[in-house]
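Single-structure report; data block below.
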Amino acid sequence: AGTVTQDQLVGWLAAFRDAVHEHGAHLTELDSAIGDADHGSNLVRGMDAVMAAVQPPPDSVGALLKKVGMTLVTSVGGASGPLYGTFFLRAGAAADNATEFDVAGLAAVLRAGVEGVVARGKADLGDKTMYDALGPALEALDAALADGADAAGAVRAAADAAARGRDATEPMQALKGRASYLGERSIGHVDPGSASATLLVEALARALAD
Ligand code: ADP
Ligand code: MG
Ligand code: MG
């Protein structure tokens, strides 16, 4: 439980692919309320392309995650393609040529990814975006780490925080992305990207629990 392996990270990607298939219709329904009804189909297309691109897996975690990022940028488009793409590209750059991590190393890689999302999208907490799930997840991960949790326990705490962050987007008014065009009419709906970001962290928690 002390070490996170590259195989587990490939398992994470597969679990996220499965989750966007299972919940794609729901993600698209959320996006139909405050966007253009394509978030689920965007991520299904992107993660199918990702899983094809990482077989056989590249020989380091950095190469693996960079490949994921490039594939998402080129196959998804819209807002979420570049944002999730940047998450994985920055995470991959931080992972470099490592083939496994301890929990602190994993947290550093995920932090780099989330910082990439913020650098790219300029979202603040409370803007009703995927960052409202990813930011709290990262805080919870760091707090669990400081408490001495192992990787599986720390990422479980992060996934639970992401879900709370997702739920907290419902009463928010969107200030970034397509939903912001609706102004006050964006209030009262969960942000689709915060829902998919929760699936992303939840998928990692499940991959590390196996
Ligand atoms: P599009 O809006 O181009 O159709 P998607 O529907 O795939 O793209 O993704 C929409 C999601 O992208 C939103 O729900 C939100 O979470 C996220 N998003 C949009 N703009 C930003 C931004 N500037 N920063 C962070 N996340 C953003
Ligand atoms: Mg959309
Ligand atoms: Mg779109």
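All of the numbers you see were taken from the coordinates with simple rules; none came from a lab. From a predicted model like this one, the values you see are computed outputs, not experimental measurements. Heads up, the Cβs are rebuilt from the backbone with ideal geometry, glycines too, and the neighbour counts pull from every protein chain shown.
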Approximate spin-label separation ALA25-ARG111, in nm, with each point projected 7 Å along Cα-to-Cβ: 4.1
Straight-distance crosslink candidates among lysines, where the alpha carbon sits under 20 Å from LYS122 and sequence neighbours closer than 8 are dropped: LYS176
